[in-house]
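Here the structure comes first, spelled out in structure tokens, and everything after it is commentary.
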Amino acid sequence: MPEAERTAKLRNLCRIDLYFLLRYGLGRADMEKQWLLDRCREVQAEPDGRLDLWAREHYKSTIITYGLTIQDILNDPEVTVGLFSHTRPISKQFLRQIKREFEANERLKSWFPDILYANPQKESPKWSEDEGITVKRRGNPKEATVEAWGIVDGQPISKHFKRLVYDDVVTRDCVTSPDMIAKVTEMWELSRALGSEGGSTRYIGTRYHFNDTYKTIMDRKAAVPRVYPCTADGTVDGDPVLLSRERVAEKRREMGPYTFGCQMLQDPKADETQGFKHEWIHHYAPDSVFDNTNRYILGDPASAKKKSSDYTALWVVALCPDGKIAIIDGIRDRLSLTQRADALFRLHRKHRPLGVGYEQYGLQADIEHFEERMKRENYRFSITPLGGSMPKLDRIRRLIPKFEQGNILLPEVMHRTDYQGQVVDLVHAFVEEEYKPFPVGLHDDMLDALARIADEEMSLVWPKPEADEDEPRDRYRRRGGYGGRSWMGA
């Protein structure tokens, strides 16, 4: 075969076959695995608008950020690509890999002399990690062919890329607090202005937290998730898809259950001991009443009224004659001390509970403030201070058997207006923000308040069934009771 014809065939294969480009054009002999061939085919078939969440060491950045970006350039040297990571030094690592390939890969340069410079350090108008790299092209846009940026440490101004590639936007350091997660999400939102009309986006990453920015991307349907854990069925004991079983077991030992669940199974709740299950959620019917019940108020206060603080959570629970616990009222808001007192007194006047349990630690002066107010208003009730040395997660886990046995009932909705004037469905917030993500949710205030139902100091008194056995044993059952559509799976 004439050399010109051979070169033309090789050029074409690099442009149309991502696996061929990686394995032979870029010399990646380590790609000779069926699972990686399948991923190359899949990525090439649907390259854009995807959120690729793959296990660590499973070649997601190699195939997409590195290989697919190079293929894009070989197909269209006019393309401009913005690589975005959590910080710029991270994204520069991806740029560096592409830059070195275009500098040192003589085979690729001989196949694409019309696109790649023989000596790019001297010939290219831009060839650095700071300014980006530019291949041979007809146009002269202000953007280099490939540039590297961080979304939280200096996004570019007045630049618009045809392709936005987000790789490792979420890192371990950015999920340490709700504020950090919110900041990354906000900066991702701002970076969306850096694309161009008709352009495309790719996301590549690994989970670090149930409520991380990748969850927001999925919730908003900004990208279609393509998830590949390290095992075929996504379980700890499943068959590995790429690594050896020994290597997976080693990572499980070294990482621990939570980190392994995030990094290798792409599921922050993958470990079997993590928390609550969705099927344990049961609702009572909207027309239920709770006359023959004993009511209690459970409170978990926040320390300050500021955006970064936890919420104050107050639940009103009704103990039912058959052993069920129904949540019939509540508040979750960021409240000052005075506002916490307003909320507690309002709920007490409305429900006249048998007791009030309120978490009290250290420097908090809530209960003292409440008692002073009782004197001023001549409205008195006892408050049981709740504390103890039990860790919060262990305290909350006491609710697991109660939910598992169907002994806690939720209303279908509970709308409340928060301190910002926004209407919030507390049931939805409880389930989606605390119950499902536990123990890795951003907040656990409502769970912690509810868990106080198990404190011995509460000295709960359960109601006895009504004496007339010819009638239903309690009115809340007669008027709908558990007749909601989700009770016991009905």
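Report, for the chain, the % of DSSP beta bridges that are antiparallel, rounded to 5.
Details: 22 of 57 bridges.
Among the beta bridges of the chain, antiparallel pairing accounts for roughly 40 percent.
Using the Cα centre of the stretch 3-228 as the reference point, and only Cβ charges (+1 on K/R, -1 on D/E), how large is the resulting charge dipole? Debye, rounded to the nearest 20.
Values: 37 positive and 34 negative charges, 53 e Å.
The dipole magnitude comes to about 260 debye.
Here are some pairs, Lys109/Lys136; Lys126/Lys159; Lys9/Lys99; which of them have Cα atoms lying more than 18 Å apart in this structure?
Details: Lys109/Lys136 12 Å; Lys126/Lys159 16 Å; Lys9/Lys99 25 Å.
Checking Cα-Cα distances, Lys9/Lys99 exceed 18 Å.
Using Cα centres only, tell me the gap between the stretch 228-287 and the stretch 352-412 in whole Å.
With the stretch 228-287 and the stretch 352-412 each reduced to a Cα centre, they are spaced 33 Å.
What's the Kirkwood radius of the stretch 48-162 in Å, using all Cα pairs?
Values: mean 1/r = 0.0683 Å⁻¹.
Mean inverse Cα-Cα distance, inverted, gives 14.6 Å.
Just going by the charge dipole of the chain, with Lys and Arg at +1 and Asp and Glu at -1 on Cβ, which of Ser128, Ile217, Gly441 is farthest out on the positive end?
Ser128
Among Cys14, Cys262, rank each residue by its count of other Cβ atoms within 10 Å, from fewest to most, as a rough exposure measure. Mind dumping the intermediate values first?
Values: Cys14 22, Cys262 26.
Sorted ascending by nearby Cβ count, the order is Cys14, Cys262.
By how many degrees, 0 to 90 and rounded to 10, does the Cα axis of helix 34-45 deviate from the longest principal axis of the chain?
90 degrees
For Rg and Dmax of the Cα atoms in Å, several values are listed as (1) 30.8, 102; (2) 26.5, 95; (3) 29.2, 102; flag the one computed from this structure.
Computed from these coordinates, Rg and Dmax of the Cα atoms in Å corresponds to label (3).
In this model, which of Lys33/Lys269; Lys142/Lys183; Lys221/Lys392; Lys277/Lys324 are farther than 26 Å apart at the alpha-carbon? Please report the intermediate quantities before stating the final value.
Working: Lys33/Lys269 29 Å; Lys142/Lys183 28 Å; Lys221/Lys392 34 Å; Lys277/Lys324 18 Å.
In this structure, Lys33/Lys269; Lys142/Lys183; Lys221/Lys392 lie more than 26 Å apart at Cα.
Check cross-link reach from Lys251 to the aspartates and glutamates: straight Cα distance under 19 Å, and skip same-chain residues fewer than eight apart.
Reachable aspartates and glutamates: Glu57, Asp233, Asp237, Asp239, Asp267, Asp271, Glu272.
How much of the DSSP beta bridge set in the stretch 90-216 is antiparallel, as a percent to the nearest 5?
Details: 3 of 9 bridges.
Here the antiparallel bridges make up roughly 35 percent for the stretch 90-216.
List the chymotrypsin sites (Phe, Trp or Tyr not before Pro) in the stretch 313-377 that DSSP assigns to loop (not H, G, I, E or B) and whose Cβ has at most 13 other Cβ atoms within 10 Å. Which are they? Each step should come with its number before you reach the end.
On the way: sites: Trp315, Phe345, Tyr358, Tyr361, Phe370; in loops: Tyr361.
Loop-located and lightly packed - Tyr361.
Just add up the charged neighbours of Glu377: K/R +1, D/E -1, any other residue whose Cβ is under 13 Å from the Cβ of Glu377. Numbers along the way, then the final one.
Working: positive: Arg346, Arg349, Arg373, Lys375, Arg376, Arg380; negative: Asp342, Glu371, Glu372.
Value of the local net charge: +3.
Among bridges DSSP assigns within the stretch 3-228, what percent are antiparallel (round to 5)? Walk me through the numbers before you get to the answer.
Numbers: 3 of 27 bridges.
Of those bridges, close to 10 percent are antiparallel.
Counting other beta carbons within 10 Å of each Cβ, put Arg138, Arg50, Arg220 in order, fewest first. Could you put the intermediate results ahead of the total?
Values: Arg138 6, Arg50 19, Arg220 10.
With the fewest neighbours first, Arg138, Arg50, Arg220 line up as Arg138, Arg220, Arg50.
Provide the FRET efficiency to the nearest 0.05 for the Glu371-Ile400 pair, computing r from the beta carbons and using R0 = 30 Å. Could you put the intermediate results ahead of the total?
Working: r = 34 Å, r/R0 = 1.15.
So the FRET efficiency works out to roughly 0.30.
With no solvent and one equal point scatterer per Cα, compute the Debye intensity ratio I(q)/I(0) for the stretch 87-130 at 0.22 Å⁻¹ and report its log10, rounded to two decimals.
Taking Cα atoms of the stretch 87-130 as identical point scatterers yields -0.74.
So what are the stretch 3-228's ellipsoid semi-axes, whole angstrom, largest first, if each one is the square root of 5 times an eigenvalue of the alpha-carbon gyration tensor? Show your work: numbers first, answer last.
Numbers: eigenvalues 172, 86, 41 Å².
Equivalent-ellipsoid dimensions as semi-axes: 29, 21, 14 Å.
Go ahead and estimate [θ] at 222 nm for the chain from helices alone: -39,500 (n - 2.57) per DSSP H run with n ≥ 4, summed, over the residue count, rounded to 500. Walk me through the intermediate numbers first.
On the way: 16 runs with 153 residues, N = 490.
The per-residue figure over the chain is -9000 deg cm²/dmol.
Mean 1/r over all different Cα pairs, inverted: what Kirkwood radius does the stretch 126-285 give, in Å? Show your work: numbers first, answer last.
Working: mean 1/r = 0.0543 Å⁻¹.
Computed over Cα pairs of the stretch 126-285, the Kirkwood hydrodynamic radius comes out at 18.4 Å.
I'd like to know which of Ala45, Ser158, Leu344 lies farthest towards the positive end of the charge dipole of the chain, counting +1 on Cβ of Lys and Arg and -1 on Cβ of Asp and Glu.
Ser158
Over the Cα atoms of the stretch 300-422, each weighted equally, I'd like the Debye log10 I(q)/I(0) at q = 0.11, 0.16, 0.23 Å⁻¹, rounded to two decimals.
-0.43, -0.94, -1.57
How do Met180, Met187 rank when sorted from fewest to most other Cβ atoms within 10 Å of their own Cβ? Show your work: numbers first, answer last.
Values: Met180 16, Met187 19.
Ordered by Cβ neighbours within 10 Å, fewest first: Met180, Met187.
Any read-out appearing in this document is the output of simple, stated calculations on the displayed coordinates, not a laboratory observation. Computed from a predicted model, the values in this text were never measured in an experiment. Methodologically, a virtual Cβ is constructed for each residue, glycine included, from the backbone with ideal geometry; neighbour enumeration extends over all protein chains shown.
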